[in-house]
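The values are calculated or read from the model by the stated rules, or taken from the named source; none is laboratory data. None of the values given here were measured: they were computed from a predicted structure. A quick note on method: Cβ atoms are made from the backbone with ideal geometry, for glycine too, and the neighbour counts reach across all protein chains shown. Side chains are part of the model used for accessible areas, which takes the heavy atoms of the whole protein and leaves out ligands, DNA and RNA. Shrake-Rupley method; radii C 1.70, N 1.55, O 1.52, S 1.80 Å.
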Amino acid sequence: MGHKVVVFDISVVRALWETRVKKHKAWQKKEAERLEKSALEKIKEEWNFVAECRRKGIPQAEYCKNGFVDTSVRLLERIERRSLAAQSALSKERDKRSSEFVFELSGDHWKEFPDSLKEQTHLKEWHISNTLIQIIPKYIELFQAMRILDLPKNQISRLPAEIGCLKNLKELNVSFNHLKSIPPELGDCENLEKLDCSGNLELTELPFELSNLKQVSFVDISANKFASVPICVLRMSNLKWLDISNNNLSDLPQDIDRLEGLQTFLLYKNKLTYLPYALLNLKKLTLLVVSGDHLVELPTALCDSSTPLKICSQLYHQSIFQPSALMSSIRRLQNFPDLWSCKSSCCGLS
């Protein structure tokens, strides 16, 4: 019995498929034309266009004329270009006005202030850094509009008494200079809010007159030679941030709780052997950073995990490459089990 061979012309199937494809494309084209003429589609397009214009803050008068919405993409692009140009011009004008009140100086080729500075008494900010300037001129008293004195990383050896004439001064940064004292006249800058004297290495005290600075909320006197917390600092009633790390403190004053608004207290790299119970009265204190190398006594309540206070104990500042010293510090901290279990995560030891 012979085999039957079925012969099928594939061209018939191909022709059928191509016919269906053509019909589908014709239907799509017809549907697209119908939607283009549809009032509903036009309303949708206008609505989306209006929403886009509103999102970009374009006034209605720009795209709506006699009650008709112009949905031209070119119109939107033109309006956007005009808006960006206006914003750019406004920004440049604002920067220009701002720069008129700001004086900037940097570079070790500067050993003294330019003579022309004396005539620019309208300035509100000085930003001077990385120079060899040693003396701040006495004519600084003429700059009554001064708000910010930013003078880090220079060679300044003293501040003039005339700085006390700057009644509108809000920020003073004299960090990483060569200051050995601060003039008591600074206490007359009653609107001062931020004081940074860190990194001068030789500062041992602040004048009592700084007690008058009731608006100060930030004080950084780290990396100096303070043997105790300055009395004037304890009388800064608005203080929220105090950094007195890397000094020679062996204890804290019992009236440290005078700083009722203190929130951040940095004490690491000192020689503290204990923390006073008065710290418990600082109800707003949320971060306390100390070095654990010398600590032998802590108020138990400070270690209570139910309190919002976060204690970070830096165990390894100078002995980071001495495993025996590090382990000794860790064992000392483990004498306070609550602190060890609840706070060790701050040190990366959990």
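Annotations
- With K and R counted +1 and D and E -1, the other residues having a Cβ less than 13 Å from that of residue 26 yield a net charge of +4.
- Here the range 100-316 has 47 percent of its accessible surface on carbon and sulfur atoms, given a 1.4 Å probe and all protein chains in place.
- Averaging the sequence gap over all C-alpha pairs within less than 8 Å and six or more residues apart, then dividing by the number of residues, gives the range 100-316 a relative contact order of 10 percent.
- Each label was represented as a point 7 Å from its Cα along the Cα-to-Cβ direction; for residue 250 and residue 135 these points are 4.0 nm apart.
- Cross-link table 118/170; 124/167; 170/194; 214/240; 194/269, entries beyond 18 Å C-alpha to C-alpha: 118/170; 194/269
- Table column - 3J(HN,Hα) (Hz), the range 126-141, Karplus curve with 6.51, -1.76, 1.60, x for Gly and Pro: 10, 10, 10, 8, 6, 10, 9, 5, 10, 10, 8, x, 5, 5, 4, 5
- Charge context of residue 284, other residues only, Cβ under 12 angstrom, K/R +1, D/E -1: 0
- Charge tally in the Cβ shell below 10 Å around residue 181, where Lys, Arg are +1 and Asp, Glu are -1, residue 181 excluded: 0
- Here the label points at residue 214 and residue 120, each 7 Å from Cα along the C-beta direction, are separated by 3.5 nm in the simple model.
- Nearest-10 value in Å² for the accessible area of residue 209, using the 1.4 Å probe: 80 Å²
- Derived scalar couplings ³J(HN,Hα) [the range 166-177; Karplus, 6.51 cos²θ - 1.76 cosθ + 1.60; whole Hz; x for Gly, Pro]: 7, 5, 9, 5, 10, 9, 10, 10, 10, 5, 6, 10
- Once the chain from residue 28 to residue 190 is taken as fully extended at 0.36 nm per residue, the excess over their C-alpha distance is 50.6 nm.
- Note on residue 178: accessible area approximately 90 square angstrom, rounded to 10, probe 1.4 Å, nucleic acids and ligands left out.
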